[in-house]
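*Asks:* Next up is a structure, given as structure tokens.
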Amino acid sequence: MKRHGLITRVWHWLNAAALIVLFMSGLNISNAHRYLYWGNYGFDPADAWTSVMRFPGWATLPQRYDLAAARDWHSLAAWVFAVALLVMWIVSVANQHFWRDLRTSMKDWSPRAIAQEIKAHLAGKFDEPERKYNTLQRITYGIVLGIFLPMMVFTGLAISPGFEPAAPWMVDALGGRQSARSLHFIFAWALFAFFAVHIVMVLLSGPIGQIKQMITGGQREVTEND
């Protein structure tokens with residue numbers, strides 16, 4: 001049995017590429033106005049709840065300040081990101097991947113269970129023989145797939161020019177257009193933090209094997225739970 005299904009592997013690499021383009025082009029867009037606000041309106045830096053640094057050219061797409069080009073890159077990658085996420089969720093629910101491999105229980109969220117998992121990770125023990133993913137992985141993937149990624153889509157739509165007249169309820173639910181912009185920025189950096197930790201964990205648990213499995217699918221043992 002493949003450890004990672006074809007849809008999971010295609011989505012993983014497609015999503016990674018889209019997120020890189022979205023993040024780098026987003027930094028370029030951020031350079032146009034480095035202040036964040038809450039509510040519907042925000043123009044005066046004196047009303048901002050925070051300001052962010054001006055990001056260097058090597059971290060942005062394109063690698064020079066070009067708001068129009070950055071928005072084009074951002075819009076293109078956003079469509080790939082959103083459609084791929086929707087397809088992934090539909091397939092994961094339909095083929096039982098979510099229920100079988102990603103679903104967590106109340107027991108998984110207990111402080112004791114989380115503390116034990118952290119202790120095991122610090123000792124270099126990452127696998128649970130009876131599970132495809134360990135408890136911390138299921139919790140983290142659930143948060144990322146169920147909250148962080150969808151919120152990037154919803155907040156991105158809410159701040160898109162012309163979207164508010166089509167679905168004002170979404171903008172209102174997020175607290176206003178400027179609130180959506182602030183949340184978009186926060187979730188983007190939350191995903192960056194996840195990406196950084198994810199890379200570290202791959203390096204610690206055997207990068208060659210992990211990457212090979214995500215390309216070829218790898219093999220896993222079939223247990224009674226399967």
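The values are calculated or read from the model by the stated rules, or taken from the named source; none is laboratory data. What you are looking at is a predicted structure, and each value in this text was computed from that prediction instead of being measured. All Cβ positions, even for glycine, are placed from backbone atoms using ideal geometry, and neighbour counts span all protein chains on display.
*Asks:* Among the residues of the stretch 70-103, how many are closer than 21 Å to R3 by Cβ and touching a Pro at 6+ places or on another chain (Cβ under 9 Å)?
*Replies:* So the answer is 1.
*Asks:* Might you check whether a residue that is touching a Leu at 6+ places or on another chain (Cβ under 6 Å) and either of a type in the set (V, I, T) or closer than 23 Å to L67 by Cβ (or both) occurs anywhere in the stretch 34-43?
*Replies:* Within the stretch 34-43 (the criterion being touching a Leu at 6+ places or on another chain (Cβ under 6 Å) and either of a type in the set (V, I, T) or closer than 23 Å to L67 by Cβ (or both)), the answer is no, since none of the residues qualifies.
*Asks:* One residue is enough: does the stretch 107-120 have a residue meeting the conditions within 30 Å of L6 (Cβ to Cβ), free of Cβ contacts under 8 Å to residues at least 40 places away in the same chain and not acidic (D, E)?
*Replies:* no
*Asks:* Something else now. Of these, W79, W99, W49, which one is hydrophobic (A, V, I, L, M, F, W, C), under 23 Å from L22 (Cα atoms) and exposed (fewer than 14 other Cβ atoms within 10 Å of the Cβ)?
*Replies:* Within the list W79, W99, W49, the selection yields W79.
*Asks:* Residues of the stretch 43-102 being under 21 Å from the mean Cα position of the chain (by Cα) and either among the small types (G, A, S) or in a loop (DSSP other than H, G, I, E, B) (or both), which ones?
*Replies:* Listed by number, the residues that qualify are V52, F55, A59, T60, L61, A70, S75, A77, A78, A82, A84, S92.
*Asks:* Here is a list: S160, S182. Which entry is surrounded by 13 or more Cβ atoms within 10 Å (Cβ to Cβ), touching a strand residue (DSSP E or B) at 6+ places or on another chain (Cβ under 9 Å) and closer than 23 Å to M24 by Cβ?
*Replies:* It is S182.
*Asks:* Now, a different point. Under 7 Å by Cβ, and 6 or more places apart or on different chains, what pairs join a residue from the stretch 53-64 that is within 16 Å of L22 (Cβ to Cβ) with one that is among the hydroxyl-bearing types (S, T, Y)?
*Replies:* Every condition considered, the pairs that remain are F55/S30; L61/S25.
*Asks:* Which of the residues spanning the stretch 11-45 are of a type in the set (G, A, S) and buried (at least 19 other Cβ atoms within 10 Å of the Cβ)?
*Replies:* A18, S25, G26, S30, G42
*Asks:* Those residues that are of a type outside the set (K, R), in a loop (DSSP other than H, G, I, E, B) and touching a Ser or Thr at 6+ places or on another chain (Cβ under 9 Å), I need them from the stretch 19-41; list them, please.
*Replies:* N31, Y37, W38, G39, N40
*Asks:* Consider the stretch 176-214. How many of its residues are at pLDDT 90 or above and not in a helix (DSSP H, G or I)?
*Replies:* The total comes to 1.
*Asks:* Could I ask something else about it? Do we have any residue at all in the stretch 49-56 that's under 28 Å from I215 (Cβ atoms) and not acidic (D, E)?
*Replies:* no
*Asks:* Further question on the same structure: Is the stretch 129-138 home to any residue that is of a type in the set (K, R) and out of contact with any helix residue (DSSP H, G or I) (no Cβ under 9 Å at 6 or more places or on another chain)?
*Replies:* no
*Asks:* Please go through the stretch 7-59 and pick out each residue that is touching a Pro at 6+ places or on another chain (Cβ under 9 Å) and among the acidic types (D, E).
*Replies:* Within the stretch 7-59, none qualify.
*Asks:* Here are some conditions: (1) over 22 Å from L76 (Cβ atoms); (2) without any contact (Cβ under 8 Å) to a residue 40 or more places away in the chain. S179 meets all but one. Which one does it not meet?
*Replies:* (2)
*Asks:* Here is a follow-up. Quick check on my filter: what residues within the stretch 103-144 are surrounded by fewer than 16 Cβ atoms within 10 Å (Cβ to Cβ), of a type in the set (K, R) and either modelled with pLDDT under 85 or more than 20 Å from the chain's Cα centre (by Cα) (or both)?
*Replies:* Correct list: K107, R112, K119, K125, R131.
*Asks:* Same structure, new question: Of A70, A59, which residue is modelled with pLDDT of 95 or more, over 23 Å from T140 (Cβ atoms), surrounded by fewer than 13 Cβ atoms within 10 Å (Cβ to Cβ) and in contact with a helix residue (DSSP H, G or I) (Cβ under 6 Å, 6 or more places away or on another chain)?
*Replies:* A59
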